[in-house]
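One structure below.
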Amino acid sequence: MRYISTRGGMPPRTFREILLEGLATDGGLALPESYPRYEAADLARLRKLSYPDLAFDILSRYIDDIPAADLKALIDKTYTAAVFGSDDITPLKTLEPGLHLLQLSNGPTLAFKDVALQLLGNLFEYVLAKNQGELNILGATSGDTGSAAEYAMRGKRGVRVFMLSPLGKMSRFQTAQMFSLTDPNIYNIAVRGVFDDCQDIVKQVSNDEAFKTRYAIGTVNSINWARVLAQIVYYFKGYFAATKSDTEQVSFAVPSGNFGNILAGHVALRMGLPVRRLILASNENNVLDEFFRSGCYRPRASADVHQTSSPSMDISKASNFERFVFDLVGRDASTLRKLWASVDGGGSFDLAGTPFAAKLRESGFVSGTSTHADRIAAMRWVHQRFGVMIDTHTADGVKVGLEHREAGVPLICLETAQPVKFADTVREALGVEPASPPAVRGLENLPQRFEAMDADASAVKRYIEQRCR
């Protein structure tokens with residue numbers, strides 16, 4: 001398996017080569033040259049597998065430069081009941097016939113990002129040990145990626161983490177999860193701005209090839225293909241748990257801001273998983289919903305990004321969206337470059353009236369927007385009807401998923417975080433305190449360690465330089 005760039009300027013590379021790099025050398029995103037396909041007979045075989053064995057079957061089709069025995073050992077080390085609470089790893093909870101929650105938030109930081117980042121931490125440590133190298137991870141988070149990455153990388157040999165987050169714009173629990181860590185290889189940088197400012201800094205630094213090479217800059221954001229790859233597995237797992245035969249179709253409802261989680265569903269669909277619809281749920285920052293409804297992709301300026309009660313989706317420029325559009329335009333890098341030249345210049349693009357509009361309608365995607373009032377109503381509905389408490393982002397997915405629910409097609413709503421991470425909104429919606437797992441009780445009362453700075457890539461570079469001497 002070889003990997004290419006969405007922008008066409010990178011020679012084909014191996015998995016291990018792209019694992020540590022993040023952005024491709026031409027500023028694009030790495031993707032496999034093709035997606036391996038599963039046929040009906042393959043699905044019947046996969047249905048019987050445990051989560052680690054399913055993960056190995058899927059990941060080994062994309063990772064052929066790590067010996068199979070080593071890859072299997074890394075996967076078995078990652079996906080355990082000790083880390084994720086049960087052998088199921090991502091159990092399916094049925095609310096009523098045909099309506100399910102895929103529980104993805106049972107890892108160390110109580111968010112779906114753990115499923116991929118726990119594996120990524122083990123992959124990084126393995127490859128760095130083989131190369132006798134070091135890696136300085138530069139990431140941006142709007143909430144859950146930061147803590148999941150830091151918990152996955154804390155204490156890893158040869159790894160430092162520099163995580164950017166928007167100052168004062170995450171939930172109190174999310175902030176405490178990151179800023180209370182005292183591990184010497186973890187550095188938190190709180191940027192005066194919004195998530196898009198943080199993400200722009202990561203891209204600016206990553207596009208400085210000399211700096212990137214000198215300081216071995218890598219990323220754990222979902223621009224890292226391994227993140228997306230690990231998330232493909234739970235789409236298959238959820239499908240098998242919700243169906244009895246391999247001819248049934250299901251739909252997945254996915255709250256999405258940076259487009260990484262639902263991109264994994266798109267890849268699963270391309271691999272042959274019988275997916276009827278991928279239902280994308282936006283919050284008030286509904287750039288992606290606008291695109292899937294109209295064909296116009298119009299990122300907002302930082303000043304126009306809303307701060308909402310589902311803060312992990314307070315994103316205007318979805319970094320993984322470029323991968324989907326690359327597939328949409330037939331993997332034509334020249335077309336992709338033209339579209340993103342406008343986006344990178346602060347503009348937009350519109351596919352309405354082009355040959356790609358029909359492909360968009362046939363892509364399997366539908367979408368919708370959820371507001372604060374909508375998510376409060378969805379949280380109350382799920383709690384009153386089924387006795388289940390959900391977080392704000394999952395509520396966005398439930399609200400939009402129900403709008404697109406079809407008779408006879410199981411709807412699987414991806415649960416993205418545990419309610420305790422957004423306790424203020426849970427109290428507003430339900431009038432009760434969400435349960436807090438013993439391991440995180442009192443977290444918000446711990447001392448916090450972080451560096452506040454302006455949205456300035458040069459300042460971030462200097463900060464990294466000073467700590468890598």
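The values are calculated or read from the model by the stated rules, or taken from the named source; none is laboratory data. Bear in mind the structure is a predicted one, so any value in this text is a computation, not a measurement. Cβ sites come from the backbone with ideal geometry, for glycine too, and all protein chains shown count toward neighbours.
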Identify all residues within the range 291-302 that are crowded, with 17+ Cβ neighbours inside 10 Å and in contact with a strand residue (DSSP E or B) (Cβ under 7 Å, 6 or more places away or on another chain); write none if there are none. PHE291, PHE292, GLY295, TYR297
What number of residues within the range 185-207 satisfy the criterion of being closer than 18 Å to GLU134 by Cβ and either among the small types (Gly, Ala, Ser) or not in a strand (DSSP E or B) (or both)? 3
Criterion (touching a strand residue (DSSP E or B) at 6+ places or on another chain (Cβ under 8 Å), under 28 Å from ILE262 (Cβ atoms) and either modelled with pLDDT of 90 or more or not acidic (Asp, Glu) (or both)) met by exactly one of ILE186, ILE223, ILE201: ILE201
Taking the range 425-464 as the region of interest, how many residues are over 21 Å from LEU167 (Cα atoms), modelled with pLDDT under 95 and in a helix (DSSP H, G or I)? 3
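To keep it simple, each residue is scored yes or no on (1) within 29 Å of THR247 (Cα to Cα); (2) out of contact with any Cys (no Cβ under 8 Å at 6 or more places or on another chain).
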site: TRP340; (1), (2): no, yes
site: SER348; (1), (2): no, no
site: PRO355; (1), (2): no, yes
site: SER370; (1), (2): no, yes
site: ALA373; (1), (2): no, yes
site: MET379; (1), (2): no, yes
site: ALA407; (1), (2): yes, yes
site: GLU415; (1), (2): yes, yes
site: GLN418; (1), (2): no, yes
Here are ALA24, ALA55, ALA82, ALA68: which of them is of a type in the set (A, V, I, L, M, F, W, C) and within 22 Å of VAL329 (Cβ to Cβ)? ALA24
GLN231 surrounded by fewer than 23 Cβ atoms within 10 Å (Cβ to Cβ) and either under 25 Å from GLU17 (Cα atoms) or not aliphatic (A, V, I, L, M) (or both): no
Return a yes/no flag: does the range 316-325 have any residue that is farther than 16 Å from CYS198 by Cβ, in contact with a Ser or Thr (Cβ under 8 Å, 6 or more places away or on another chain) and in a loop (DSSP other than H, G, I, E, B). no
Test: residue in the range 232-240 that is assigned to a loop (DSSP other than H, G, I, E, B), out of contact with any helix residue (DSSP H, G or I) (no Cβ under 6 Å at 6 or more places or on another chain) and of a type in the set (A, V, I, L, M, F, W, C): no
Being under 16 Å from the mean Cα position of the chain (by Cα), within 13 Å of SER312 (Cβ to Cβ) and of a type in the set (Val, Ile, Thr) is the requirement here; does THR175 meet it? no
Elements of type helices (runs of 4 or more DSSP H) contained in the range 59-172, each with 3 or more residues being surrounded by fewer than 24 Cβ atoms within 10 Å (Cβ to Cβ): 68-78, 81-84, 113-131
Out of ALA358, ALA268, I need the residue that is assigned to a helix (DSSP H, G or I), crowded, with 17+ Cβ neighbours inside 10 Å and out of contact with any Leu (no Cβ under 8 Å at 6 or more places or on another chain). Which one? ALA268
